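Worksheet for the structure shown next.
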């Protein structure tokens, strides 16, 4: 039984690599800087990762299934100088071209040629209107949820009810995917069925036009969340922030002086690292978020869930005399009432209670 559970757990961990459209690709050609001839058997690896490739007889190579993020790519060959390219940005469902020109190394030196990669202004293989937000950009944004990230992008707006709209379309016309899997809510007609914490997002892609064939059931936009993968070293993250509404005008805002610094609080954190007890290159990533809000409306508690309703009709019996006969007449009246156990206090509004709203 334990062996079966371990196998199922490993299959679940590796399932993310089987999802199409959720990883990137690196390809290019390696040639001699002097002659321009292609080099065969050159090693290209992603630093601190378990991914790499070797060039073929044409000097070409490609590396598949790369999770989105920034990487350092190292190219090494016997008799040639080692070249290291840093800050290579990999995007989901996109190919990044890296060509190398290696120069011969006469004297063996422990020295590398370091190149800082630039993000291209125009992406040649981009066939749709797409905006990609990486985890580095999310860290610098003053947002709490994924909705705040989307609102920083062109073409995205928020209605009075809090729903998101892309290019004027309905909120139910947006298709949401997490790691390539649709998370549509069947009860709200294609709305988002779950929430993704910002600290768990590696990359968020918003496609607002000219969808590829891989996307379906969307009319105004597609939002694809790519979650973070586990790391080779243990890493943790934790944040907490709280507050309440404050004002000096007690005549307008009822109970504004009832200040509670943790009435609106958010806690979130994550933990990642290797699964050394299993063996191999398996890693894990865990993320959690707790959100508590008492709201801004106050009311008088009138009824509680413990209140009961009495719908028993009252029975009225009377006797009448008709031609020396006594006739018994029975009538019923709907005299029902509520047994109120409320205490009449002004308290924060609870969705399970019936209250008279006062507003704060």
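Nothing in this text is a laboratory measurement; each read-out follows from the coordinates by a stated rule. Just so it is clear, the model here is predicted, and its values are computed rather than measured. With ideal geometry, Cβ positions are generated from the backbone for all residues, glycine too; neighbour counts draw on all protein chains shown.
A few comments on the model shown:
- Each listed q (0.11, 0.25 Å⁻¹) maps to a log10 I(q)/I(0) for segment 30-100 from the Debye sum over equal C-alpha point scatterers, namely -0.26, -1.22.
- Descending semi-axes in whole angstrom, ellipsoid equivalent of segment 235-294, from the Cα gyration tensor: 44, 8, 6
- Ranked by the mean number of other Cβ atoms within 10 Å per residue, highest first, peptides 274-280, 247-253 order as 274-280, 247-253.
- Anisotropy class of segment 196-251 from Cα gyration tensor, a/c 1.5 cut: oblate
- Using alpha carbons only, the radius of gyration of segment 129-227 set against its Kirkwood radius gives Rg/Rh = 0.92.
- Taking only Cα atoms of segment 173-312, radius of gyration then Dmax in Å: 22.4, 70
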